[in-house]
Amino acid sequence: MADKIRVAVAGASGYTGGEVIRLLLDHPNVELAFLSAERSAGTPIGAVHPWLRNHPGAAGLKFRPLAELEEVDVAFGCLPTGTLPGKLPLLAERAKRVLNLAGDFRLRDPQEVQEFYPRTAATPIEEEFSYYVPELSQGVPEGRFINLPGCMAVATIYALYPLFAEQLVEPQVVVDAKTGSSGGGRGSSEQPAERSGNFRVHKLHGHRHTPEIRQAIAEFTGTAPELRFSTHSLDVPRGIMVTAYSRLRPGTAALDVKRAYAKAYVGKPFVRVRPAPKAPQDFPMLKAVNGSNVAEVAVAVKGEQCVAVAALDNLIKGAAGQAIQAMNLISGFDEAAGLPRTAVSP
């Protein structure tokens, strides 16, 4: 059994930070050493995250200012996008590794960073971040600084990767992504009454996950998709469903597609390919993944038309869970340590 590592959570009062805390409280190889939240400094974590207050490991844990951070092995960055660059010198000094869950360092093109993450672009940094998808990145990053994918981006990547890895589809892809309300974070200005019983457009063009998906697929497969990416808001607290529409290249058969998905995710415990769905309930759905670190993927072919579907919990597999999964791999722990595989229902 590996020794325990000391872990800090920066920006621990938000939904993502709360999920990181919840999962780490039961992690066998982690000492939860420091939790930062500037406006909640001195407050017990149960007062901010009531769903954590009955865990015995939460007793006595309080939020503290980030300036009080002691030396730790890993720091999870759960700060609002645009905040980490200004805090990075402190984290770099006191944490051996930094895993960032916000969008700051996902894009490599400076012009795209300026367009989609202007606050990040306004604060230059010296450190270089690796973009890391646990199932697809080769090996373990050697650097100290790692950025995890966005939640809707990684769901789309799981849906499309096998098709582009095996060069089975034309470059043109249309993606329709739907997300629950927690994707907007605790600071969202949307009123619950406006979301309840409603289904609405979030963004039809220009979503900042679009260049991220294009960049990631290109890096992992050698082909950049011509992507049309639109998002919609669901009346659910958590969960993401992605539907990706593509056209098979001439000579590609349904069996080729089936084999591509099996090959891509064999031995990957947290991406599960649904076998030959026949009924609607056989396809990926939120009730099958919410509360777990599992992403479900399925694909259906009819003639030259290919439709891939992926579902995951945006706060776990799309954020806190995949970050802990990355920490496990980097630290030499069991990849599944501290991570739930079963969903919560109803």
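The values are calculated or read from the model by the stated rules, or taken from the named source; none is laboratory data. Predicted model only: the values in this text are computed from it and were never measured. Methodologically, a virtual Cβ is constructed for each residue, glycine included, from the backbone with ideal geometry; neighbour enumeration extends over all protein chains shown. Ligands, DNA and RNA are stripped out before the accessible areas are found, and what is left, the full protein with its side chains, is counted by its heavy atoms. Shrake-Rupley method; radii C 1.70, N 1.55, O 1.52, S 1.80 Å.
So in region 71-93, with the set limited to residues that are in contact (Cβ under 8 Å) with a residue 60 or more places away in the chain and charged (D, E, K, R), which one is surrounded by the most Cβ atoms within 10 Å (Cβ to Cβ)? Within region 71-93, the match that is surrounded by the most Cβ atoms within 10 Å (Cβ to Cβ) is Lys87. Checking each residue in region 291-346 for being open to solvent by less than 20 Å² (accessible area, probe 1.4 Å), touching a strand residue (DSSP E or B) at 6+ places or on another chain (Cβ under 7 Å) and under 16 Å from Pro269 (Cα atoms) picks out Val294, Ala295, Val297, Ala298, Ala310, Ala311, Leu312, Lys317, Gly318, Ala323, Ala326, Met327. State yes or no: is Val297 more than 23 Å from Cys78 (Cα to Cα) and either assigned to a strand (DSSP E or B) or of a type in the set (S, T, N, Q) (or both)? It is true that Val297 is more than 23 Å from Cys78 (Cα to Cα) and either assigned to a strand (DSSP E or B) or of a type in the set (S, T, N, Q) (or both).
Residue selection: Ala59 satisfies the criterion of being open to solvent by 40 Å² or more (accessible area, probe 1.4 Å) and either farther than 30 Å from Gln114 by Cβ or in contact (Cβ under 8 Å) with a residue 40 or more places away in the chain (or both).
Among residues of region 146-168 being part of a loop (DSSP other than H, G, I, E, B) and of a type in the set (A, V, I, L, M), the one that is nearest to Val257 (Cα to Cα) is Leu168.
Exactly one residue out of Ala37, Ala8 is within 23 Å of the chain's Cα centre (by Cα) and in contact (Cβ under 8 Å) with a residue 40 or more places away in the chain: that is Ala8. Across region 185-201, the number of residues qualifying as outside any loop (DSSP other than H, G, I, E, B) and either buried (at least 19 other Cβ atoms within 10 Å of the Cβ) or out of contact with any helix residue (DSSP H, G or I) (no Cβ under 9 Å at 6 or more places or on another chain) (or both) comes to 4. If you go through region 237-294 and keep only what is of a type in the set (Gly, Ala, Ser) and in contact with a Lys or Arg (Cβ under 8 Å, 6 or more places away or on another chain), you end up with Ala276, Ser292. Across region 125-145, the qualifying residues are those that are modelled with pLDDT of 95 or more, in a loop (DSSP other than H, G, I, E, B) and touching a strand residue (DSSP E or B) at 6+ places or on another chain (Cβ under 7 Å), and the one among them that is most open to solvent (accessible area, probe 1.4 Å) is Arg144. When the residues of region 217-259 are filtered to those that are basic (Lys, Arg) and part of a helix (DSSP H, G or I), the one that is surrounded by the most Cβ atoms within 10 Å (Cβ to Cβ) is Lys258. For region 23-51, residues that are surrounded by fewer than 19 Cβ atoms within 10 Å (Cβ to Cβ) and farther than 22 Å from Leu88 by Cβ total 11.
Of the strands (runs of 3 or more DSSP E) contained entirely in region 1-111, those carrying at least 2 residues that are β-branched (Val, Ile, Thr) fall at 5-10, 72-77.
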